[in-house]
Amino acid sequence: MAQHFLLSSKARTLSLASVARMSDEEARAAFQAIRWSDNDGKPHCPKCGCLNVWGCRNRPLWQCKGCDHQFSVTSGTIFANRKLALRDILLAIAIFCNGAKGHSALQLSRDLDCQYKTAFVLAHKIREALADEDKGNTVSGEVEIDGCYVGGYVKPANHKENRRDRRLVKNQNGKRRVVIVMRERQGKTLTFVSKTEDASVPTMRDRIEPGSTVYADEASHWDQLHARYLTKRINHSQAYSADDACTNMAESFFSRLRRAEIGTHHHISGPYLAAYAAEMDWREDNRRISNGEQYLIAVNAAAKHPISAQWKGYWQRRVQKEAAE
Ligand SMILES: [Zn+2]
């Protein structure tokens, strides 16, 4: 019997030990080579793009001859103003990539011996950089679509007489969201978050190319897609797959998302749901490449991603906000 790819030695090309053993100097050199790979690893100014830069003598910094801007290997990237050693950041990326169903911030903080808050923001910066892979992308060809409801759990009251019917909208907390997936058979996956499946249809029209064949389940709101696409429906109360109609690829993405939610993070808060969905989408799309390649893709994405508006100074802003209230 053929061996499963993930069990083969080809799937294991990165060892955490080799990253952990890097000196600060080696980690910087590795990041530099990836960040400026378009210029043979030679630095250029992140502010004005000038190629004429000189290195400072005693510090790992460069100065631009054009605009005098002083910069380090991470200036202008998502890891700008870091306090962690670069080696620890690379280690975090390697650990992050190795988790098939994600890696929790608490676990990462234990791995790196850093604060939970540091690990939380670091993991989200990696997620943001990875999400770039799908930015502005559309799907085409044979596309499976489906939605998966996440969050908004209402705990039943202790005593029977106090319990409410949680199926009624008035007894729900309004926090439930649906992750929508559009997945090409033999291709890429796109995700986004919506309030209901019904409300996701306009976005879907934007992101599925005309001429595609759409595979969907029996839910009536998908009828709206018939006017635009050739649509094949599968009624899940009768079969999971009939002729070539099925949404099993979409379901297998949700399987990974559910495992991440329940098994790794235990709870995913609404405002971050899209980030976790995008992470699982990246893992699903890159599941058949070695962990060394995944690590390089992630370091490359982070090195080329600009400073994050959402995650830069995240906790400082939270403290300021709380003080102002
Ligand atoms: Zn410059």
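The values are calculated or read from the model by the stated rules, or taken from the named source; none is laboratory data. This structure is a prediction, so every number in the text was calculated from the model and none was measured. Glycine gets a Cβ as well: all are built from the backbone with ideal geometry, and neighbour counts include every protein chain shown. Heads up: the accessible areas ignore ligands, DNA and RNA and are worked out on the full protein's heavy atoms, side chains in. Shrake-Rupley method; radii C 1.70, N 1.55, O 1.52, S 1.80 Å.
What the chain shows is 56 Å² of accessible area per residue, with the surface traced by a 1.4 Å probe over protein heavy atoms. Applying the Karplus relation 6.51 cos²θ - 1.76 cosθ + 1.60 with θ = phi - 60° to the stretch 11-26 yields 3J(HN,Hα) values of 7, 10, 10, 10, 10, 4, 4, 5, 6, 5, 7, 4, 7, 4, 4, 5 Hz, where x marks Gly and Pro.
Along each principal axis, taking the top coordinate minus the bottom one, the Cα set of the chain gives 71, 50, 44 Å in descending order.
When DSSP beta bridges are restricted to pairs lying wholly in the stretch 76-232, around 65% turn out antiparallel. Taken over the alpha carbons of the stretch 121-184 as equal point scatterers, the Debye sum produces base-10 log I(q)/I(0) values at 0.13, 0.18 Å⁻¹ of -0.65, -0.86.
Can you give the FRET efficiency for residue 220 and residue 20, using 1/(1 + (r/R0)^6), R0 = 35 Å, r = Cβ-Cβ distance, to the nearest 0.05? Computed FRET efficiency for residue 220 and residue 20 comes out at 0.05. Nonpolar atom fraction for the stretch 255-325, defined as the carbon and sulfur part of the 1.4 Å probe accessible area, stands at 54 percent.
As a rough guide to protection, the peptides 105-115, 51-61, 282-292, 8-18 ranked by mean Cβ packing within 10 Å, highest first, stand as 282-292, 105-115, 8-18, 51-61.
When a 1.4 Å probe is rolled over the protein heavy atoms, the share of accessible surface on the stretch 59-165 that falls to carbon and sulfur comes to 45 percent. When restricted to Cα atoms, the stretch 220-325 yields an Rg and a Dmax of 19.7, 61 Å, respectively. Dimensions of the stretch 170-293 based on its C-alpha atoms, expressed as ranges along the principal axes with the largest first, amount to 47, 38, 30 Å. Between residue 242 and residue 287, residue separation times 0.36 nm minus the direct Cα-Cα distance comes to 13.5 nm. Rg then Dmax, both in Å and based on the Cα atoms of the stretch 23-167: 22.3, 76. Less than 5 angstrom separates the built amide H of residue 144 from those of 183, 184, 185, 215, all sequence-distant by 5 or more or on a different chain. Between residue 196 and residue 163, full extension at 0.36 nm per residue minus the direct alpha carbon distance yields a gain of 9.3 nm. Each Lys and Arg adds +1 at its Cβ and each Asp and Glu adds -1 at its Cβ; summed about the Cα centre, the chain shows a dipole of about 1140 debye.
When the P(r) of the stretch 37-109 is calculated, the portion above 15 Å amounts to 64% of the C-alpha pairs. In the stretch 79-141, Rg over Rh equals 1.06, where Rg is the alpha-carbon radius of gyration and Rh the Kirkwood radius from pairwise Cα distances. The angle between the Cα long axis of helix 273-285 and the longest principal axis of the Cα atoms of the chain comes to about 80 degrees, rounded to the nearest 10. When both bridge partners sit in the stretch 162-317, DSSP labels roughly 60% of those beta bridges antiparallel. For residue 153 and residue 7 in the same chain, what is the full-extension length gain: residue separation times 0.36 nm, less their Cα-Cα distance, in nm? Additional length available on full extension: 48.9 nm. Near residue 196: Cβ cut-off under 14 Å, other residues only, Lys/Arg at +1 and Asp/Glu at -1. The net charge is +1.
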